[in-house]
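Some notes on the structure that comes next.
Readers should treat all values here as calculations from the given coordinates under stated rules, not as data from a laboratory. Note that the structure is a prediction, hence the values are computed from the model and not measured. FYI the Cβ positions are ideal-geometry reconstructions off the backbone, even for glycines, and counts take in every protein chain you see.
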Amino acid sequence: MTSLRGAAAIVGIGQAGLGEMPGHSALDILGLSVRAALEDAGLTLADVDGLFTASSFHSMPSVSVAEYLGIFPRFSDGSMIGGSSFVAHLQLAAMALATGQCEVALICYGSNQRSAGGKLVSMTEPQPHERDYGLRYPIDAYALVAARHMHEYGTTRADLAEIAVAARQWAQLNPEAWKRDPLSKEDVLAARLISDPLSVLDCCLVTDGGGAVIMVRADRARDFPQKPAYFLGGATALSHRAIAQMPDMTTTAAVQSGQAAYAMAGLGPDDVDVLALYDAFTINTLLFLEDLGFCPKGEGGRFVQDGAIAPGGRLAVNTNGGGLSCVHPGMYGIFLIIEAVRQLRGVCDARQVAGADVALVHGNGGAFSTQVTALLGSEATL
Amino acid sequence: MSASDPRATGPDQHHKAALAEGRLLLQRDPATGDAFFYPRAVLPGCAEGPAPDWFEARGTGTVYSTTVSRRRPEQGGNRNIAVIALSEGPRVLSQVIGIAPEEVRIGMDVRARIDMVNDQPILFFTPAEGQS
């Protein structure tokens, strides 16, 4: 085995508790999403022998999840690198499957963040050289990056508003999205500032939700009821823990993760039909479009203007409505994968990208701290 | 408190002890002179290399990025959060004080000011003289 390209495929996806699911624990919501994914794949829990998960609620995520589900996986990983963890798990699961460490890999996440209090739940510890100043994590850190990008490249709040509006317009085509009421650029520009230049409408949602993905080796993928979504490439890049340590405050490590993932897949930006970018804040989408090669550095603001990434635009980005308008239960990475798989299956109805064969999934964790890119493809891409 | 021997106390305590005496210490690679912050026992990117050198920073820099972290008055009101690029190169997270949070601008020249907060010396920055 020299390459992971096409070595494994996603054959099951499931979601639960999107938006609000009162009275349920994070693990309850996770469990219901696992049930949905098993049903989608035509498998039972007894078939699962590989477990990949991360959590903001559990310091030993894989242990808590295995106990709740009542499984004793042969191979497991609970690496926690923030919301991008689940995209990183795709590569780890593909490696485990390709080398025979497991036969059926389950990647899963659940959160009751909204019902449990409506605030961002984070186990993140205050950083020693930030805590004295009352930095409000993570939004102040993202705001510092947005402010610097505006300073260097002339990006405006109106450019960021375009991103929020595009996400909402996609959400209006997705019956599962949490926020579907009309949103205008003017609404975003008039919204209450939280950390300048970011307003409350530049921020992701606070919802409940769980998601699960089932992966098997590619040679078994055609035996399942759904169209497989093949893993074509993936890579993880670590950048910094504290925002002042970010090597370049206007360029993320998505440059590194993207180049490595493209290289593994033998693909480039021009080959991508649909993108799922981790939009914890509007500035994320803008930076990832630049850093993943969809426009030159500094041009993100101009690139997104005039509905370019909205339905009917020139690039299909975050077709479920994203973390900004669809769902964001603390960590969003698993939902990036699920939407990409749905687009490759061709089951997205009003928001379906016609003939989508290649999907780019990009996860972000911390405050631009971890960047994970994966490329998924239909059978035609093998 | 006197600035202690870094080998006896560890880098963080050495840094803090100097700060309490009104001196901002940084570290650098003795071979290249490249300065870095925060204090470390080994060179970042070169753990096999020589022990980092300590030196006293000038205490000057410019605002690299800034935000107004908005809060209700009962939560302490709006506060500035800034990344300062020190003249020696490293960037530090801090707060520009002595000026309204909204008035802090990227590129503004600033000077270090060490204040005691809860008996701990904390590194802040104020606009350098001549800044409007």
Calculated [θ] (222 nm, deg cm²/dmol) that DSSP helices of n ≥ 4 give over chain A, each run adding -39,500 (n - 2.57): -9500 deg cm²/dmol
Taking the mean number of other Cβ atoms within 10 Å as a proxy for protection, how do you rank A:190-198, A:142-150 from highest to lowest? A:142-150, A:190-198
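Which helices pass in chain A if a helix is a full DSSP H run, must span at least 18 angstrom along its long axis by Cα, and must have mean Kyte-Doolittle hydropathy not below 0.0? Mind dumping the intermediate values first?
Working: long enough: A:26-41 (23 Å, 0.93); A:85-98 (19 Å, 1.56); A:139-153 (21 Å, 0.07); A:157-171 (21 Å, 0.19); A:333-345 (19 Å, 1.04).
Helices passing the filter in chain A: A:26-41, A:85-98, A:139-153, A:157-171, A:333-345.
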Note to self: C-alpha centroids of the stretch A:160-182 and the stretch A:54-101 sit apart, in Å, by 31
Specify the angular offset, from 0 to 90 degrees and rounded to the nearest 10, of the alpha carbon long axis of helix B:11-20 from the longest principal axis of the alpha carbons in chain B. 50
Can you give the log10 of the normalised intensity I(q)/I(0) at q = 0.22 Å⁻¹, computed with Debye over equal Cα scatterers of the stretch B:15-55? -0.65
Gap separating the Cα centres of the stretch A:127-157 and the stretch A:1-45, nearest whole Å: 34
Fewest-first ranking of A:E162, B:E103, using other Cβ atoms within 10 Å as the exposure measure: B:E103, A:E162
Counting Lys +1, Arg +1, Asp -1, Glu -1, what net charge surrounds A:R74 among other residues with beta carbon under 15 Å of its beta carbon? -3
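Mind ordering A:317-324, B:33-40 by average Cβ neighbours within 10 Å, highest first?
Values: A:317-324: 28.1, B:33-40: 17.4.
Peptide ranking by packing, descending: A:317-324, B:33-40.
Please give the peptides B:70-78, A:284-292, A:349-357, A:243-251 ranked by average Cβ packing (other Cβ atoms within 10 Å per residue), highest first, as a rough proxy for protection.
Details: B:70-78: 11.6, A:284-292: 25.8, A:349-357: 14.9, A:243-251: 20.2.
For the peptides B:70-78, A:284-292, A:349-357, A:243-251, the packing ranking is A:284-292, A:243-251, A:349-357, B:70-78.
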So what's the projected area for the protein assembly as shown, the Cα convex hull averaged over all directions, in nm²? 25.0
With only alpha-carbon atoms in the gyration tensor, what are the semi-axes of the equivalent ellipsoid for the stretch A:8-98, in Å, largest first? 19, 17, 13
Each residue of A:147-158 has, on average, a number of other protein chain C-beta atoms within 10 Å of its C-beta equal to 2
Hey, got the dipole for the stretch B:6-56? About the Cα centre, +1 on K and R Cβ, -1 on D and E Cβ, debye to the nearest 20? 140
Quick one: what are the phi-derived ³J(HN,Hα) couplings along the stretch A:358-375, Karplus 6.51/-1.76/1.60 with θ = phi - 60°, whole Hz, x for glycine and proline? 10, 10, 9, 10, 10, x, 10, x, x, 10, 6, 7, 10, 10, 9, 10, 9, 10
Short version: ³J(HN,Hα) in whole Hz for each residue of the stretch A:309-321, in order, from phi by Karplus 6.51 cos²θ - 1.76 cosθ + 1.60 (θ = phi - 60°), x for Gly and Pro, what are they? 10, 8, x, x, x, 8, 9, 8, 10, 6, 6, 7, x
Once Lys and Arg get +1 and Asp and Glu get -1 on their Cβ, which of A:A66, A:V361, A:N284 lies farthest toward the positive end of the dipole of chain A? A:A66
I'd like the mean, over residues of B:85-95, of how many other protein chain beta carbons sit within 10 Å of each residue's own Cβ. 4
